[in-house]
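Reading through the structure tokens given below for one structure.
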Amino acid sequence: QVQLVESGGGLVQAGGSLRLSCAASVRTFGSYLMGWFRQAPGKERAFVAAISWRNGATYSADSVKGRFTISRDNAKNTVYLQMNSLKPEDTAVYYCAVALRGTYYSVSSYEYWGQGTQVTVSS
């Protein structure tokens, strides 16, 4: 069983930065993907970014390209999401997740999920 624990959320003004962390309880690697998703009130959970644990390839949603960066630390079994130039529309609960197979942007591809961390961006 994989356990994921997110941290780093909070309240920030527009234009500010936050870094989210996701620590995995076990080494989930090989061909796995680790991703970040977000869910705003009244909206569906949406893809933000993902990283291949094997080769470090990264993927991100158009809405965050140039502002958010996903990275990993193999030694710490941790994935990060550096969020810069935050906007009020980035406000959501952010979740990290592990995909064993499937497409990086699809919620249904991800088998394990963290509990989520709230990010609130004030205008």
- Item | Stretchable slack from SER63 to THR120, in nm (0.36 nm times residue separation minus alpha-carbon distance) | 18.9 nm
- Report TRP36's accessible area, 1.4 Å probe, all protein chains in place, as a number in Å² to the nearest 10. 0 Å²
- Task: Select from ALA49, ALA57, ALA23 the residue whose mean-square fluctuation is largest in a Gaussian network model of the chain (Cα-Cα springs shorter than 10 Å).
- Result: ALA57
- Query: Using only the Cα atoms, what convex hull volume per residue in Å³ does region 30-118 have?
  - Reply: 97 Å³
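The values are calculated or read from the model by the stated rules, or taken from the named source; none is laboratory data. Note that this is a predicted model, so its numbers are computed, not measured. For the accessible areas, the whole protein counts, side chains as well, though only heavy atoms, and no ligand, DNA or RNA atoms are used. Shrake-Rupley method; radii C 1.70, N 1.55, O 1.52, S 1.80 Å.
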